[in-house]
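Here is the structure we will look at.
Rule-based calculations on the coordinates, nothing more; no lab input. As the structure is a computational prediction, the values presented were derived from the model and not from experiment. Every residue, glycine as well, gets a Cβ built from its backbone with ideal geometry; the counts of neighbours run over all protein chains shown.
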Amino acid sequence: MKYYTDLHIHSKYSRATSKECDLENLSLWAKKKGVQVVGTGDFTHPAWFDDIKSKLVSTGDGLFRIKPSIEKQVLKNTPESCHGETRFMITGEISTIYKKGDKVRKVHHIVTAPSIAQAQKIRKKLDAIGNIKSDGRPILGLDSRNLLEIVLQEGGLDCNIIPAHIWTPWFSVLGSKSGFDTIEDCYGDLSDHIFALETGLSSDPLMNWRVGCLDKYRLVSNSDLHSPSKLAREATVFDTDMTYAGIFDALKTGNGYKGTLEFYPEEGKYHLDGHRKCGVCLDPKESFALDGLCPKCHKPLTLGVLYRVEQLATRAEGKKPKTAGPFTSLIPLKEIVGEVNSVGPNSKKVAGHYDALLDKFGPELTILQNTRLADIKEYDETLSKAISNLRKDKVKRQAGYDGEFGVIKTL
């Protein structure tokens, strides 16, 4: 059975996260989007961990369901066409900041656990090391290798770390500002326990395939969301038993791993190089010619994901590693509806059209990928054209840079 997972979530206890990012709304939006397995996010935070324990029940296979009484209320607010199954996986993101070698390293990690008890053991150990109460994504002065050791020793060998958004300049394992050149440099003697990498919003598999030392890793995609409506802007596709073991066996062996759904990397806010304050956006060749300095203020540019990929690339674009799966680039449906109606994606007009589309055709991922264009045309001819262009990859791309999201147009 094919299904979608989106595991990189921030709860309402994370910095800059909407108050609506609770388990009820995550369940609601998972159904609207058509995602079957959602990360809880932030299990290290005491208040959020209490919510996880009080609102979720184990399915006995490493995943969780929201309690029936809560599910009943969620379904009341969900179009009947979107009443699919939703399960949760215990996940969290941890930031490690430490000095190693010649510079300060800042790396983000997705941590997963198949049970409340295992998650609690990890929490207890981390609480003795640093402050896990101040933010849903705690910052720990801990070597990434040592964090991995704690996860494996305290939680158990079925707990996992997936390096998060691996190319982001400021906070990632391969980032230009504070990362490493290889996964092994980061995790040392425990690097064999790393088997999957998160591409992040500013890169896609094509870019990652250019770096030969990443060939042995399975690529995953998640939304890294701070608001539940952002679910499924990226996702990972599986065709396995919908269980914790099924998901991670697929990532380790490739059996049942069916690739990813991707944000267009140009829409990510760190794709190209530049200075947002100066209004300067450059491609890597231009940045290299300027020695990485802004042509206006002459200070160092924020070098983006594409620049960093170019630095570490060992091959031209096109070669597909054995670990690779297919991928599809998508644009969130609200953005397309907003473009068609010449209004912002968060406007009331878009919200009305969005709800009507879900009610008529089902979850968002179904509409973007599978709903017959002729049927969409009956609802809105221009929308049908826009989705047709998306499916044919006929889009216009204005790349993001230095914290500024890019813009993708279908018309």
Theoretical ellipticity at 222 nm over the chain - DSSP helices of four or more residues, -39500 (n - 2.57) apiece, nearest 500: -8500 deg cm²/dmol
Out-of-range pairs (alpha-carbon distance over 30 Å; input LYS99/LYS299; LYS53/LYS349; LYS76/LYS258; LYS103/LYS230; LYS12/LYS319): LYS53/LYS349; LYS76/LYS258; LYS103/LYS230; LYS12/LYS319
Cβ-Cβ FRET estimate between LYS296 and CYS213, R0 fixed at 35 Å, reported to 0.05: 0.50
In nm, to one decimal, how far is the GLN369 label point from the SER388 one, both placed 7 Å along Cα→Cβ? 2.2 nm
Segment LYS133-LYS320, extension gain: residue separation times 0.36 nm, minus the distance between their alpha carbons: 63.1 nm
Report the net charge of residues surrounding ILE408, where surrounding means a beta-carbon distance below 12 angstrom and charges are Lys +1, Arg +1, Asp -1, Glu -1. -1
Using a Gaussian network model of the chain with C-alpha springs under 10 Å, which one of ASN346, ASN131, ASN146 is most mobile by mean-square fluctuation? ASN346
Just grab the label-to-label distance for ASP158 and ALA313, each label 7 Å out from Cα along the Cβ direction, in nm (one decimal). 4.2 nm
For SER58 and LYS252, calculate 0.36 nm times their separation in residues minus their Cα-Cα distance, and state this gained length in nm to one decimal. 67.5 nm
Taking H placed 1.01 Å from N in the peptide plane, check which residues at least 5 places from SER172 or on another chain put their amide H under 5 Å from its amide H. LYS106, HIS108, SER178
May I ask for the distance between the Cα centers of the stretch 3-49 and the stretch 68-129, given as a whole number of Å? 8 Å
To make sure I understand, if each residue's beta carbon is the centre and we count other beta carbons within 10 Å, what order do CYS186, CYS281 fall in, fewest to most? CYS281, CYS186
Matching label for the computed Cα extents along the principal axes in Å, out of (1) 98, 52, 42; (2) 62, 48, 38; (3) 60, 53, 39, is (3)
Fewest-first ranking of GLU93, GLU404, using other Cβ atoms within 10 Å as the exposure measure: GLU404, GLU93
Stretched fully, the stretch from GLN73 through LYS2 gains (0.36 nm per residue minus C-alpha distance, one decimal, in nm) 22.9 nm
Please compute the net charge surrounding ILE150, taking Lys and Arg as +1 and Asp and Glu as -1 over other residues with Cβ under 11 Å from its Cβ. +2
Inter-site label distance for TRP170 and ARG397 at 7 Å from Cα along Cβ, in nm: 2.4 nm
Quick one: if the Förster radius is 30 Å, what FRET efficiency do ILE116 and GLU20 give, using the C-beta to C-beta distance and rounding to 0.05? 0.80
